[in-house]
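Enquirer: My questions will all concern the structure given below.
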Amino acid sequence: MARKRMVARRATVSDITEGTYYIQEGFDPNYVVTPFSLGISRARVTGTIMDTYLNDDGNYGFMVLDDGSDTIRLKFFNETEPLQYISAGAIVEVIGKVREYNEERYIMPELVVPKDIHHELLRKIEYINFRSEWEQLVSQVQQMHTNGKSKEEIAHAFSDVTAEDIVIILQHIETSSEESETEETESAGKVVSEIIDQLDSGEGVDYSILVERAGMAEQQVESVINDFLSDGTCYEPRPGVIKKL
């Protein structure tokens, strides 16, 4: 069965460079997930060419594209014809696959078309509108997920996006939530650690004082202390007293 061609997503360069890159197995295309939960395998970007390069053999070259948010290279392998008629300073619209090699994010162009400033401004307006609509959709998906709806129920509720889009949104929501919890735990640990350093005069610090001074829920303080006791950062010289090793 023929594989469905991935939609070219309207994007900025920073969406691609600041997103998280996922490598797929088999014939499934690799993709980037932007900070606002949009999966991009093929991108549609408009910007200005800042520099070009073509090797002596004419079988490899690149353009440096700047859209005001970041810069990215458009890499050409064998099919280098655009490098013969597009030079630095040109405004272009690019459609191509998002790739990563040696920690560099780049685009492998399928199409590079010269445009003018009016077209560029129009595309920026379209992007702003699209992103606003997508962020509203993500918010609705997140609310349904919070309310216990299944992936199938959520996908059925949004006929204008694919099931793959919904899966990516939900995965990104869960990943972001886990990262947020990790950051919160690390921040709480730093606060409690600093309080122990400040108040311990040699005998340790009472647990009740740590809870009072930490300015956070007792359950959170208790979790931090349990982690400290488990990993050997602290010990209890006597019940209810916390001291660093």
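Enquirer: For residue 173, indicate whether it is modelled with pLDDT under 85 and either outside any helix (DSSP H, G or I) or of a type in the set (A, V, I, L, M) (or both).
Expert: On the way: modelled with pLDDT under 85: yes; either outside any helix (DSSP H, G or I) or of a type in the set (A, V, I, L, M) (or both): yes.
Yes.
Enquirer: Just one of the numbered conditions (1) charged (D, E, K, R); (2) touching a residue at least 24 places away in the same chain (Cβ under 8 Å); (3) in a helix (DSSP H, G or I) is not true of residue 243; which one?
Expert: Evaluating residue 243 over (1) charged (D, E, K, R); (2) touching a residue at least 24 places away in the same chain (Cβ under 8 Å); (3) in a helix (DSSP H, G or I) leaves (3) as the failure.
Enquirer: May I pose another question? Within the range 15-49, which residues are part of a strand (DSSP E or B) and under 24 Å from residue 91 (Cβ atoms)?
Expert: Initial filter on the range 15-49 (part of a strand (DSSP E or B)): 20-22, 31-33, 39-40, 42-49.
Scanning the range 15-49 gives 32, 40, 42, 43, 44, 45, 46, 47, 48, 49.
Enquirer: I need the full set of residues from the range 139-161 which are among the hydroxyl-bearing types (Ser, Thr, Tyr) and modelled with pLDDT under 85, in order please.
Expert: Applying the first criterion (among the hydroxyl-bearing types (Ser, Thr, Tyr)) to the range 139-161 yields 139, 146, 150, 159.
Answer for the range 139-161, where residues must be among the hydroxyl-bearing types (Ser, Thr, Tyr) and modelled with pLDDT under 85: just 159.
Enquirer: If you don't mind, there's one more thing I want to ask. Check the range 81-91 and report whether any residue there is touching a residue at least 12 places away in the same chain (Cβ under 8 Å), more than 25 Å from residue 115 (Cβ to Cβ) and surrounded by fewer than 16 Cβ atoms within 10 Å (Cβ to Cβ).
Expert: No, the range 81-91 contains no residue that is touching a residue at least 12 places away in the same chain (Cβ under 8 Å), more than 25 Å from residue 115 (Cβ to Cβ) and surrounded by fewer than 16 Cβ atoms within 10 Å (Cβ to Cβ).
Enquirer: Give the number of residues within the range 66-115 that are among the charged types (D, E, K, R) and in contact with a His (Cβ under 8 Å, 6 or more places away or on another chain). Spell out how you get there, then give the answer.
Expert: Our first condition is that a residue be among the charged types (D, E, K, R); within the range 66-115, this holds for 66-67, 70, 73, 75, 79, 81, 93, 97, 99-100, 103-105, 110, 115.
From what's left, in contact with a His (Cβ under 8 Å, 6 or more places away or on another chain): 93.
Number of matching residues: 1.
Enquirer: Among the residues of the range 103-116, what is the count of those that are at pLDDT 95 or above and exposed (fewer than 12 other Cβ atoms within 10 Å of the Cβ)?
Expert: Final tally of qualifying residues: 2.
Enquirer: For residues in the range 102-122 being in a strand (DSSP E or B), within 25 Å of the chain's Cα centre (by Cα) and not aromatic (Phe, Trp, Tyr), which is nearest to residue 65 (Cα to Cα)? Talk me through it step by step, then tell me what you get.
Expert: Going through the range 102-122, the residues in a strand (DSSP E or B) turn out to be 104-115.
Among the residues that remain, those that are also within 25 Å of the chain's Cα centre (by Cα) are: 104-110.
Checking which are not aromatic (Phe, Trp, Tyr) leaves us with 104-105, 107-110.
On the way: 104: 14, 105: 12, 107: 10, 108: 12, 109: 12, 110: 15 Å.
Looking at the filtered set, the residue picked out is 107.
Enquirer: What residue, of 206, 165, is buried (at least 18 other Cβ atoms within 10 Å of the Cβ) and in contact with a strand residue (DSSP E or B) (Cβ under 7 Å, 6 or more places away or on another chain)? Steps first, answer last, please.
Expert: Working: 206 fails: buried (at least 18 other Cβ atoms within 10 Å of the Cβ).
After applying the criteria, what remains is 165.
Enquirer: Among the residues in the range 136-149, are any more than 22 Å from residue 30 (Cα to Cα), among the basic types (Lys, Arg) and free of Cβ contacts under 8 Å to residues at least 12 places away in the same chain? Give the steps one after another, and end with the answer.
Expert: Of the residues in the range 136-149, the ones more than 22 Å from residue 30 (Cα to Cα) are 136-137, 139-149.
Next, only the ones that are among the basic types (Lys, Arg) stay: 149.
Subsequent filtering for residues that are free of Cβ contacts under 8 Å to residues at least 12 places away in the same chain retains 149.
Checking the range 136-149: at least one residue is more than 22 Å from residue 30 (Cα to Cα), among the basic types (Lys, Arg) and free of Cβ contacts under 8 Å to residues at least 12 places away in the same chain.
Enquirer: Moving on. When you check residue 161 against the structure, is it among the β-branched types (Val, Ile, Thr), outside any helix (DSSP H, G or I), without any contact (Cβ under 8 Å) to a residue 60 or more places away in the chain and within 23 Å of residue 31 (Cβ to Cβ), yes or no? Lay out the reasoning, then the answer.
Expert: Working: among the β-branched types (Val, Ile, Thr): yes; outside any helix (DSSP H, G or I): yes; without any contact (Cβ under 8 Å) to a residue 60 or more places away in the chain: yes; within 23 Å of residue 31 (Cβ to Cβ): yes.
In short, yes.
The values are calculated or read from the model by the stated rules, or taken from the named source; none is laboratory data. The model shown is predicted, which means the values in this text are computed figures rather than measured ones. Note: ideal-geometry Cβ built from the backbone for every residue, glycine included; neighbour counts use all protein chains shown.
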